[in-house]
Amino acid sequence: MSSSPVEHRFGPYGGRYVPETLVPALDELEAAWVQARSDPGYERELSGLLRDYAGRPTPLYLAPRISEEVGRTVYFKREDLMHTGSHKLNNALGQCLLARRMGKKRIIAETGAGQHGVATATCCALFDLECVVYMGTEDVRRQKPNVERMELLGAKVVGVEAGARTLKEAVSEAIRDWVTNVGDSHYVIGSAVGPAPYPAIVRDLQRVLGDEARAQVIDHAGRLPDRVIACVGGGSNAIGTFCAFVADTEVEIIGVEAAGDGIDSGRHGAPLATGARGILHGSMSAVLQDEDGQILEAHSISAGLDYPGSGPQLAHLRDEGRVRFEAVTDEEAVVAFKKVCRLEGIVPALESSHAVAWLLANPGGELDVLTLSGRGDKDLAEVLSR
Amino acid sequence: MPYLMGGYPDIDTSRASVLAAVEAGADLVELGIPFSDPLADGPVIHAAATAALDAGVTLSEVLALCESVAGEVPVVLMVYANPVLAHGAEHFVRRAAGAGAAGIIVPDLPHDEAGAVREACTAQGVALVPLVAPTSSDHRVEEIARDAQGFVYAVSLTGTTGERAELPRELERTVGRVKGATELPVAVGFGVSTGEHARRVADVADGVIVGSRVVRAAGEGGAPAVHRLVGELAEALAA
């Protein structure tokens, strides 16, 4: 991996806006990460697990019927085929290995859709670590199968009742746990958000999917894509995908956020498309907030996109004009969800369905690569109830 | 030094509670500006902030409350980083100074991120009171103390705010490390909830900050309950 310094800032974004208690722990984490990423032993163990345990590389799949429908070539990067059902395991494996190196016996995680919680609970079972997962009670309701999965894996799932009872409150509660138990616990944050060094660590652990996709598309199609598309909640599958293509200036890069009930309704999860600069969960980025700087509740049918903040590096790539952010409503995402089921025989996560919905509605170029970040088994009840 | 949440349970009760605390012997009042995502706070202060925001309390109202009591007692505003930086540090600090605040405490703005806010505070004559934690290295304690204004806030424990049955053993050591690094007064908060705690803190530190216990009193019994509690704490310290 890289030997460059760990970024604390991406343009004006990022930083470490956390209680003083955590600053030494962030320094410790950064030092451990710098050491691990240059240690061939760590690299070897992680890539071995990604291959033999998680199922990497995941395929880049030419989706024939979607391609026919839109009249251009569409490839799906199949993160839904990873062990545990999403890209989240890339990061959870890397961070849990890191925690073990640091001698931490207890793992804290937050989860929205439950995918990161399941991935972390899985790693904790594998490495014999204690695991506590914070999850908003609204998400516990709508992602029930993942809660049961985490408990089967031996994790303790703690329901969070505050606020809208979704991902934002789960992250806050996980951070409070970490402030309290910082000595023996590592916080495995699930997205490319949070105080430095987290956004850089999560990106580095997720870029395996983008690097694979780039090599695979060149191998399959003999060229780079015209467009690369991924959904964005906090943005870990997006930044993991995008960073492999950022230097390819001819490739257009699009991040798709949740428009919820519609951007104009105010009930959405699209801070990058609409939000102002603000601080949430330890870093400065695009944030949904009011005049007084109070963080607003996000809204999305998809628990993984139901978040008023976003990764700081994505905000910077937006300002630089390198990545464009669009948003798709709940309704459009559900239509796309069903379409992928019927046309390709793939049940996609509602999160990924947002990216598909944008792709279906927006012609352009001849070759698209879309990251299908996870599978949708967890979403059946939510989709069927509509 | 009691902490009260601005606008909790409502603006009038919170003003009356500040004045009651002063009458009962408070030397300084920390006034919380309610925030949607208070990462450093435990359940009591978090719930009070949520209740205030749900009732529609705004930043302007809390600053007006500050202004109305600042003649009676030094007021230090406890405010999270996002409201401070939403319109730029200078804008916020100018408003705080206009409301008569003696200082501000920003619990999620560690030393390394505080540059712009500190500059604005220096320019406006408002103290930026930094926090030191038990986990801060000696080197960090020195850096933090060097740039401190007003006083240094020593966090007694690793954790969020909230009442505790006992204070941690490392308390004296933490305070000692801060005292060794600065001539400024050192106040201790987080977890301090009884007269006995207050006495133990006062043995080593210059100020005793009681937050969640006072906020709970304000919620349960309004100004009279705050008066009674602060009176008891002051008495314990005088004994």
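Scanning region B:60-67 for any residue that is surrounded by fewer than 19 Cβ atoms within 10 Å (Cβ to Cβ) and aliphatic (A, V, I, L, M) turns up at least one such residue. Being in a loop (DSSP other than H, G, I, E, B) and more than 30 Å from A:Leu60 (Cβ to Cβ): is that true of A:Gly233 here? No. Surrounded by 23 or more Cβ atoms within 10 Å (Cβ to Cβ) and at pLDDT 95 or above: does that describe A:Ala361? No; evaluated as a whole, the condition is false for this residue. Of all the numbered requirements in (1) more than 23 Å from A:Leu93 (Cα to Cα); (2) part of a loop (DSSP other than H, G, I, E, B); (3) within 14 Å of another protein chain (Cβ to nearest Cβ); (4) of a type outside the set (Val, Ile, Thr), A:Pro195 misses one, and that requirement is (1).
Here B:Ala187 fulfils each of the conditions (1) more than 10 Å from chain A (Cβ to nearest Cβ); (2) more than 21 Å from B:Met78 (Cα to Cα); (3) among the small types (Gly, Ala, Ser) apart from (2).
Looking across region A:9-28, the residues that are more than 12 Å from chain B (Cβ to nearest Cβ) and under 20 Å from the mean Cα position of the chain (by Cα) come down to A:Phe10, A:Tyr13.
Please give the strands (runs of 3 or more DSSP E) falling wholly within region A:237-290 in which 3 or more residues are within 14 Å of another protein chain (Cβ to nearest Cβ). Filter on region A:237-290 gives A:276-280, A:283-287. Filtering B:Tyr3, B:Tyr8 for residues that are at pLDDT 95 or above and in a strand (DSSP E or B) leaves a single hit, B:Tyr3. So, of the residues in region B:118-139 that are touching a strand residue (DSSP E or B) at 6+ places or on another chain (Cβ under 7 Å), among the β-branched types (Val, Ile, Thr) and under 20 Å from B:Pro74 (Cα atoms), which turns out to be farthest from the other protein chains (Cβ to nearest Cβ)? Among residues in region B:118-139 that are touching a strand residue (DSSP E or B) at 6+ places or on another chain (Cβ under 7 Å), among the β-branched types (Val, Ile, Thr) and under 20 Å from B:Pro74 (Cα atoms), the one farthest from the other protein chains (Cβ to nearest Cβ) is B:Val126.
Filtered by the rule that a residue be in contact with a Gly (Cβ under 9 Å, 6 or more places away or on another chain), outside any helix (DSSP H, G or I) and within 14 Å of chain B (Cβ to nearest Cβ), region A:125-170 gives A:Tyr134, A:Gly136, A:Val160, A:Glu161, A:Ala162, A:Gly163, A:Ala164, A:Arg165, A:Thr166.
In region B:69-92, the qualifying residues are those that are more than 23 Å from B:Gly211 (Cβ to Cβ) and away from every other protein chain (no Cβ under 14 Å), and the one that is surrounded by the most Cβ atoms within 10 Å (Cβ to Cβ) is B:Glu90. Kindly indicate whether any position in region A:300-317 is in contact (Cβ under 8 Å) with a residue 60 or more places away in the chain, in a strand (DSSP E or B) and farther than 28 Å from A:Asn146 by Cα. Taking every residue of region A:300-317 in turn, none turns out to be in contact (Cβ under 8 Å) with a residue 60 or more places away in the chain, in a strand (DSSP E or B) and farther than 28 Å from A:Asn146 by Cα. Taking each residue of region B:210-239 that is closer than 20 Å to B:Val76 by Cβ and looking for partners that are part of a strand (DSSP E or B) and hydrophobic (A, V, I, L, M, F, W, C) with beta-carbon atoms closer than 7 Å, six or more apart or interchain, yields B:Val214/B:Leu4; B:Val215/B:Leu4; B:Val215/B:Met5; B:Ala218/B:Leu4; B:Leu233/B:Val210; B:Leu237/B:Val208. The criterion of being in contact with a Pro (Cβ under 6 Å, 6 or more places away or on another chain) and outside any loop (DSSP other than H, G, I, E, B) does not hold for A:Val356. Reported count of residues in region A:3-55, each being under 30 Å from A:Gly278 (Cα atoms) and either surrounded by 13 or more Cβ atoms within 10 Å (Cβ to Cβ) or in contact with an Asp or Glu (Cβ under 7 Å, 6 or more places away or on another chain) (or both), is 29.
Look through region B:140-169, keep the residues that are surrounded by fewer than 17 Cβ atoms within 10 Å (Cβ to Cβ) and of a type outside the set (D, E, K, R), and return whichever of them is farthest from the other protein chains (Cβ to nearest Cβ).
B:Ala165
The values are calculated or read from the model by the stated rules, or taken from the named source; none is laboratory data. Computed from a predicted model, the values in this text were never measured in an experiment. Neighbour counts are summed over all protein chains in view; Cβ atoms, including those assigned to glycine, are modelled from backbone coordinates with ideal geometry.
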